Amino acid sequence: MKALSWLFALWMGAAAAQAQPTPAPCGTPTPAQPPFSEETALNKMAAPPPYVFSIFVHILRNDDGSNAAMSDAVLADNLQRMADFYRPHNICFTFVGRDFIDNTGWNTNYMTSQIGAMHAVNPHNDAIDIYVHRDNFQGSGGNSYSIPSVFCSVAAPSSFNFEHEMGHCLGLWHTFETAAGAECPDGSNCASAGDQVCDTPADYSGSQSNSGAGCTHTGTQTINCNGGTFGYDPPTRNIMSYWWFCYSEFTAGQAARMYNTINATAALQNRLTPQDRVISNATLLGEIAVGAQNSIRIGNIGGAGDVLMTAGAQGICNAGRFVRVEPGTRIAPTGANSVLLTINDLCEGLLFKAPPPTADRHPQPTTPAALSETLEAFPNPFNSRLRVRADLGQATPAALRLFDMSGRLVREWPCPTPAVQGRLDETFDLPDLPAGVYLLQLQHSGGRLARRVVKAE
Ligand SMILES: [Zn+2]
């Protein structure tokens, strides 16, 4: 809460320093720290794209459950729109769940200082939380509270801010940012001033009020810099500008900034969706879309045994095709085997369509044993020894596996302990494992738990 108060103070300072346009599309505060240098940080990336983030959406409603800030249909449109902006840059999203938070004040008269209380209702440590309010708040249509961030708010009237606030979450500054100094339109200080991204032209606060024919800038504001006087040609279609009525793109430099931020931010890495899905006796409700450059494989890693696909499932493994798993489809192994759904380098993620993921994807209260499921791995990053602790709440057969970022199984441990008492506490020596990002996965009879772990250099 102390940090939040500090951020709020920072936000108030920024608000006082410059008049907010109406409606202001964003209340994200002035960055406290410079972003990562594209050129230097790119060389240190722990894992290459694609990056697929899990998204959990909280729809605000009034106390009595009425006046939902956004319908599921509009939400789906907004998530799809956001995904379309990021997909060309190999950043994608998996919509993992939606719940309702019933609080009239937060829905219709939300104050950003309430983020702590609101975020405490049902936070996710493995998904980026997005809150949707009925009304603009404090003159803003959105706020990510910090840069980077693992949660953000958007107001339904300005719902196109999904893509903008997510940009802040992933490390992007406004194109007109001056916290590091004003960017000179001649590009001479583009790496150190403005948004510190060189392929976004210099912008200035309020530039969008000088719109001519729609998205054409007609302003005449000038700035004295680098020994001259320069006019502006702001990036009117950039999603991190305030030209919200013209949003259509991120630049390659912004994508590099987001990659670097992801690789330097453990909290964001924890919210990446595992690209390999191990499904055991699961009923799928959804569609798996395969991008043009990708492939998909449905196989069996549990040893010998057939895979049963029923109720309209089609397994098509060619790039550029779709694999559709119709509602009600059951993909199940025979015997005790599990099914590996390999989605290597796939940036589509699992795009769930109607019906949307309902309520919470946490285990239902009717299965209290499952509520206590935990999987911890530490230290993270680790050097050579990794301690893994798990509590499954009940005795169950289990297997612990480690995958690399290409989906390759690099280590597998039998886990007799959970089968006895539901708990696991083991330390593993991994001195020979190459440095990098890995996915630790605990598969048990009731599902699976996963944690992203990093082997340090
Ligand atoms: Zn913003």
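Structure values in brief
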quantity	calculated
Hits in region 193-202 (condition: touching a Pro at 6+ places or on another chain (Cβ under 8 Å) and more than 16 Å from the ligand (Cβ to nearest atom))	P201, A202
Out of A83, A68, sole residue that is at pLDDT 65 or above, part of a loop (DSSP other than H, G, I, E, B) and among the aliphatic types (A, V, I, L, M)	A68
Some residue of region 236-248 being away from the ligand (no atom under 16 Å from the Cβ), under 27 Å from R81 (Cβ atoms) and in contact with a helix residue (DSSP H, G or I) (Cβ under 6 Å, 6 or more places away or on another chain)	no
Qualifying positions in region 175-192 - more than 16 Å from the ligand (Cβ to nearest atom) and touching a strand residue (DSSP E or B) at 6+ places or on another chain (Cβ under 7 Å)	A182, C184, P185, D186
Of residues in region 61-119 being basic (K, R) and within 16 Å of the chain's Cα centre (by Cα), the one surrounded by the most Cβ atoms within 10 Å (Cβ to Cβ)	R98
Residue match in region 225-234 (condition: buried (at least 18 other Cβ atoms within 10 Å of the Cβ), within 16 Å of the ligand (Cβ to nearest atom) and under 18 Å from E165 (Cα atoms))	no
Members of region 108-130 that are in contact with a Cys (Cβ under 9 Å, 6 or more places away or on another chain) and within 16 Å of the ligand (Cβ to nearest atom)	I128, I130
First in region 50-76 and more than 20 Å from W106 (Cβ to Cβ), second anywhere and part of a strand (DSSP E or B) and hydroxyl-bearing (S, T, Y), Cβ under 8 Å, 6 or more apart	V52/T94; F53/T94; S54/T94
Within region 236-265, tally of residues that are touching a Gly at 6+ places or on another chain (Cβ under 7 Å), buried (at least 24 other Cβ atoms within 10 Å of the Cβ) and not hydrophobic (A, V, I, L, M, F, W, C)	1
So S205, is it within 13 Å of the ligand (Cβ to nearest atom) and of a type outside the set (A, V, I, L, M, F, W, C)	yes
Among (1) more than 16 Å from the ligand (Cβ to nearest atom); (2) free of Cβ contacts under 8 Å to residues at least 24 places away in the same chain; (3) surrounded by 21 or more Cβ atoms within 10 Å (Cβ to Cβ) - the single one T218 does not satisfy	(3)
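Yes or no, residue by residue, for (1) within 10 Å of the ligand (Cβ to nearest atom); (2) part of a loop (DSSP other than H, G, I, E, B); (3) of a type in the set (K, R):
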residue: V132; (1), (2), (3): no, no, no
residue: D135; (1), (2), (3): no, yes, no
residue: Y145; (1), (2), (3): no, yes, no
residue: P157; (1), (2), (3): no, no, no
residue: G167; (1), (2), (3): yes, no, no
residue: W173; (1), (2), (3): yes, yes, no
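The values are calculated or read from the model by the stated rules, or taken from the named source; none is laboratory data. None of these values were measured; they are calculated from a predicted model. Neighbour counts run over all protein chains shown; Cβ positions are idealised from the backbone, glycine included.
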